[in-house]
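Encoded as structure tokens, the structure appears first; notes follow it.
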Amino acid sequence: MKKLLLLLAIHTLFISGCSAIKAGGAEITGLSLLNDRRTRDAILTDETIEANASAKLNAYYDLREKCHFNITSYNGAVLVTGEAPKEEWGDLIIENVRVIPNVKRAHNKLVIANPSPLNFRANDALITSRVKTALTQIPGFDSSWVKVITEKRTVYLMGLVHRNEGAAAIEAARHQSDVKQIITVFEYLD
């Protein structure tokens, strides 16, 4: 396991580009700008949405301390995943995300449950890594077209893709071990 984590860390270092644009806390590498189908402004807007959501939600003690949530934005579509032990906390999370400037649509995939344990989240990170690696193996496919998020073994795929590219990404994710379900949040180009 330690060797795998070391390999993942080294892999991440080699994948990250040499140049970067800083936008608040966000970093956009030259590589992501080169291949991403979103405009530079759309990428910066997505990073700003995520940062604003994090700041806004973490200002609430109950949400910060008793919930587990992830906010992922792609081309203005926001995916909210994680767990909230009370329905009203889940509603508060979604209400706060929906009013952030430039959010086109909020996809509520929160589960009303106690936050998942850290070992579950570590397994989810490994699944995400395997799916991202599988995407790089698809001929003619650029893995920067799709964001991969995993929560409780459910893989979410977000991105700007053609239908055949989306189908190829789903197929690649489907063949990874421990994947329970695949949910797409694609914006189709055709």
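The values are calculated or read from the model by the stated rules, or taken from the named source; none is laboratory data. Quantities reported herein were computed from a predicted structural model and do not represent experimental measurements. What goes into the accessible areas is simple: the full protein's heavy atoms, side chains included, and nothing from ligands, DNA or RNA. Shrake-Rupley method; radii C 1.70, N 1.55, O 1.52, S 1.80 Å.
Please compute the contact order of segment 20-174 in relative form: average sequence separation of alpha-carbon pairs under 8 Å and at least six residues apart, divided by the residue count, as a percent.
Values: 227 pairs, mean separation 28.1, N = 155.
Here the relative contact order equals 18 percent.
Inverting the mean 1/r over all pairs of different Cα atoms, compute the Kirkwood radius of segment 133-190 and quote it in Å.
Values: mean 1/r = 0.0885 Å⁻¹.
Kirkwood hydrodynamic radius for segment 133-190: 11.3 Å.
So what's the gap between the Cα centers of segment 36-74 and segment 147-190, to the nearest angstrom?
Centre-to-centre (Cα) distance: 20 Å.
Any idea what the relative contact order of segment 93-171 is, in percent, if you count C-alpha pairs under 8 Å spaced at least 6 apart? Mind showing how you got there, number by number?
Details: 54 pairs, mean separation 16.7, N = 79.
Relative CO of segment 93-171 lands at 21 percent.
Return a single number: how many Lys pairs in segment 63-190, at a sequence separation of 8 or more or on separate chains, have alpha-carbon atoms below 20 angstrom apart.
Pairs that pass both the separation and distance tests number 14.
Can you give me the accessible area per residue for segment 71-146, using a 1.4 Å probe, in Å²?
Working: 3720 Å² over 76 residues.
Averaged over the residues of segment 71-146, the accessible area is 49 Å².
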